[in-house]
Amino acid sequence: MKRHFKFLALTAVALSGLSLVACSNKANQASDDNDPAVHLHYSAAASLQKSLTKAYANFEKTHPKIKIDFDFSGSGAVREKVEAGAPIDAVFLASKADTEKLTSSKKATEAQAVLGNSLVMIANKNSDIEEADSITDTLKTAQKIAIGEPATVPAGKYAEESLDKLGLLSSLKSKFVQASDVTQVLSYVAAGNADVGFVYKTDAMNNKNVKILATVPENLHEKISYYTATVTTTKYNSQVKVFNDYLSSPKAQKIFASYGFSKK
């Protein structure tokens, strides 16, 4: 009889423990469900606008508690905003130099190369200018050439580097129509305000109003790479890391590839 009562007592204790664990798990789950969403401010290169927005839409399906507000501009302009203390949690830049300026000054950390791209010369889709075997010949006949402001737009810097190596920079500078980012270069060319322009391959591929005349040889300019980095003043390091890690994942890379980016 004593053994029987002892067994019943032990069983009751065990069941009570299981009940407490279950209640605790439910409470934790309820707490997680009720946790407020974290809102991040992410500044990125203008050439990433469509692809990064699409990648985030996919990310949000599995991470509904991480909300991200994006703004897009030239990588140099993004860097300057971070240096000025703007409330930014993370950056995604099309410039190794701008990324290194932020990390060396300890304005950002955990920089990681994520994507690659190519520089192309474009014209309006209805332009009489045809695909060029010689970039030099096309540029010599063009009246206006749209490029991003080299000091703040990496694509503009890459274009200047290329023209300098071709020995054309000094003779063509008077033809330049400078833009605040690659999106504006596209607008100038699409509207007929410039005969040709220099943008990334991904920008040209995803704009129906322009055509690619030529791809600029990679040996004429610095390698084009895109870097993510965490701004050191953010309060949300773990959430930024989750999103930045996702950007390097096969699922995100597939989305970027559909827009013409290459894997890093």
For the stretch 168-242 versus the stretch 76-123, the gap between their alpha-carbon centres in whole angstrom: 13 Å
Burial order of peptide ranges 41-47, 241-247, 103-109, 228-234 (average beta-carbon count within 10 Å, highest first): 41-47, 228-234, 241-247, 103-109
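Taking a cut-off of 11 Å, what percent of all Cα-Cα pairs in the stretch 218-264 are separated by more than that?
Of all Cα-Cα pairs in the stretch 218-264, 73 percent lie more than 11 Å apart.
Just need the relative contact order of the chain here, percent rounded to a whole number, with Cα pairs under 8 Å and 6+ apart.
27 percent
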In degrees, nearest ten, helix 154-165 long axis to first principal axis of the chain (Cα): 40 degrees
Convex hull volume per residue for the chain, taking Cα atoms only, in Å³: 156 Å³
Cross-link pairs LYS106/LYS263; LYS65/LYS96; LYS241/LYS263; LYS101/LYS254 - those with Cα-Cα distance over 25 Å: LYS106/LYS263; LYS65/LYS96; LYS101/LYS254
Ordering of 145-153, 76-84 by packing [mean C-beta count within 10 Å, highest first]: 145-153, 76-84
Set of aspartates and glutamates with alpha-carbon distance to LYS208 below 18 Å, sequence-local pairs under 8 removed: ASP128, GLU130, GLU131, ASP195
Alpha carbon convex hull of the stretch 119-220, volume per residue in cubic angstrom: 85 Å³
Nearby aspartates and glutamates by direct alpha-carbon distance to LYS50 (threshold 18 angstrom, same-chain neighbours under 8 apart not counted): GLU60, ASP69, ASP71, ASP181, ASP203
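Readers should treat all values here as calculations from the given coordinates under stated rules, not as data from a laboratory. Note that the coordinates shown come from a computational prediction; the quantities given were computed from them, not determined experimentally. Note that we place each Cβ from the backbone using ideal geometry, even for glycine, and neighbour counts take in every protein chain shown.
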